[in-house]
Amino acid sequence: MKNIHFLIVFLSNVAVLSAQDAFQLAPPLLKYPSVFFTKEAKIDLVFAEPNTQIHYTLNGEEPTENAQRYTHPLSITKNFTTVKARVFGKNYLPSDVVQATFIKEGLPIKSAETTLPNPKYKGSGAKTLIDNEGGKTTVSSPTWLGFQTDTVDVILNLHKKEKFKKVLIGLLRDYGSWIFLPEKIAIYAFDDKKNYFQLLDNQIFNQSKDIKGSFYTPSVLSLKKSIKTDKIKIQLHVVKQIPDWHVGKGNRSWIFIDEIKVYGDE
Amino acid sequence: MQRKDFIKTTSFGLLGAMLTPLHRSPYGQYLAKNEVILGHNNKRYKINTRWSQADVARYPVNNCHEMVQDKKGRILLLTDETRNNVLIYDKNGKILDSWGKEYPGAHGLTLFNENGEDVLFICDNTRHQVIKTTIDGRVLMTLDYPKETGVYAKAEEYVPTETAIAPNGDIYVADGYGKDYVIQYNHKGEYIRHFGGKGDTAAHLSNAHGVCVDMRDKANPCLMVTSRVQNAFKKYDLEGKYLETIDLKGAWVCRPVIKGDYLYAAVLQSNSRQWAQSGFVTILDKNNKVVSNLAGSTPLQRSPDGQYSGAQVEEMYQTIKAFQYPHDVLIDDEENMYVAQWNSGKTYPIKLEPVV
């Protein structure tokens, strides 16, 4: 048994050396008009390199070679479905995983109001947040509203009083562009009787530092129990001091939001 | 570790038999880097990641921006490392010479044979100048920011990235990190005109990072100018009249480099995966159609009549992470390719040999 154990160690060492000396495949392209959908989202996975295959999952697991092989466009109907895809080929190391989460239409929103975005990233104003457009990772995309204020207040007016349980906020994370997740998000509902926004819940975000590149980060916040309301306020707190590990340490970060959806009990 | 060595050291019967059931993972099957062949059609290359034999301590590099070959066959590399802005190699990767400490923003390197003598044009981003030198670095002429154009108020607005020299000696400077104009001078450095610039029409440019004189059609010489953020080359006549756009969707092309019938360009990165080391190299034929992408997506297939299928250009992107941020390509007199890279861990250029 000892011998076999030794062999395994030896082989895995060889494997590591050999792997470092090989090239890795780049990830496949995920193509879709928007991550937001009403009935169905169609997604193309693209990778034009001979002798490679795309494998994907829809259950959140990391795709392996045993995962479903991509052959034709995917159709997604379930809310918050995450597509994870990866390329495998015999000559190269498997690619990193790319992923996108597809988000279904929520409670109908009549109108939105926001803190004034930075003039460089003002999209089409507050309605940008309820236009079903987004999921892009390009900072310059007009689907984004970009803010550098201390807090960003978003008020959503529903058509009528509805049961409200969950909110989804489409955020961008791109440390290279000094775009962080908010430090904190607080959720309020308007209380008609008292004539003020009542705090329902708030959530603190941890900024993981080991990410590189631009990431679409749809974040779902769930209340402990639903509340009936027709007016919701979401307050996002910017990272006022960028942490020490980042080149912009001590400076204020940005917040980028492209869409907000609210849901009842599902 | 070479793959052959790996096979040798593991070719014991017992080990081989053990390997299969224990490790289904196919590590041993991956190609070693130097066995990889990149590209498509008749433009395929074997990659050599260990071309440069330079001693890092003695000949350091920072960004490796551009390369040219002189009439003696030597390879010149321009880097913004001011311990040696120009490294001179032989084709086997041996350092022959070096010079230059005064180009902190060394970015563009163009060689021109002027009445039998090789001269160089260096664009310096930091100095906001174009400097003409002899092949061994003696300064012949310095072009400051082009006040004569009337579009620049101060030197800082002008950040030249590339030059191209026409057969008559006219100098074209691309202000790729400034206002995106191309400024034309005569051989004495006297201003003639400027064109391009930022704007919304097809004749405008966005990140005019490179320029070259395209003599492939002898009767109609033209300028090929990079519009990198637009993922395109734009063609102008030698008087700056806009002719057409060559759409290279998805590809952040650097300067166009012409050798024979082909146009070669380093692609800094894929538009679909920005600032994530997603570069590759693209090659266009004399009709400016992509025929090969090294470490990039397979070009559209030609139909039997020689036409490309579909009117739309299909988006291009990196498929193999063989390069990080390619910034320039050089094709030498033996059709070998060299790729210089920006922001790629201070690594030396990569050589690629054609596969025939």
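Taken together, the values in this text are just the output of simple stated rules run on the coordinates, not laboratory data. Owing to the predicted nature of the structure, the values given are computational and were not obtained by experimental measurement. With ideal geometry, Cβ positions are generated from the backbone for all residues, glycine too; neighbour counts draw on all protein chains shown.
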Taking region A:120-140 and keeping residues surrounded by 15 or more Cβ atoms within 10 Å (Cβ to Cβ), of a type in the set (G, A, S) and out of contact with any Leu (no Cβ under 9 Å at 6 or more places or on another chain) leaves A:G134, A:G135
Apart from one, (1) within 14 Å of chain B (Cβ to nearest Cβ); (2) buried (at least 21 other Cβ atoms within 10 Å of the Cβ) all hold for A:V83; the odd one out is (1)
Residue tally, condition outside any strand (DSSP E or B) and closer than 15 Å to B:H65 by Cβ, over region B:116-133:
3
The number of residues in region B:250-261 that are under 14 Å from the mean Cα position of the chain (by Cα) and either surrounded by 19 or more Cβ atoms within 10 Å (Cβ to Cβ) or not in a strand (DSSP E or B) (or both) is 7
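Of B:I183, B:I192, which residue is among the aliphatic types (A, V, I, L, M) and surrounded by 20 or more Cβ atoms within 10 Å (Cβ to Cβ)? Walk me through how you get there before you give the answer.
Values: B:I192 fails: surrounded by 20 or more Cβ atoms within 10 Å (Cβ to Cβ).
From the options B:I183, B:I192, the qualifying one is B:I183.
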Cβ-Cβ under 6 Å, sequence separation 6+ or interchain: first residue in region A:39-60 and closer than 30 Å to B:L31 by Cβ and within 11 Å of chain B (Cβ to nearest Cβ), partner part of a strand (DSSP E or B) and among the basic types (K, R). Which pairs?
A:V46/A:K31
Of the residues in region A:164-210, those that are surrounded by 16 or more Cβ atoms within 10 Å (Cβ to Cβ) and part of a loop (DSSP other than H, G, I, E, B) come to A:W178, A:F180, A:L181, A:P182, A:E183, A:F205, A:Q207
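Consider A:I76 carefully, then state whether it is away from chain B (no Cβ under 14 Å), crowded, with 20+ Cβ neighbours inside 10 Å and of a type outside the set (D, E). Lay out the reasoning, then the answer.
Numbers: away from chain B (no Cβ under 14 Å): yes; crowded, with 20+ Cβ neighbours inside 10 Å: yes; of a type outside the set (D, E): yes.
So A:I76 passes the test.
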Do we have any residue at all in region B:242-249 that's closer than 26 Å to A:F215 by Cα, out of contact with any Gly (no Cβ under 8 Å at 6 or more places or on another chain) and crowded, with 24+ Cβ neighbours inside 10 Å?
yes
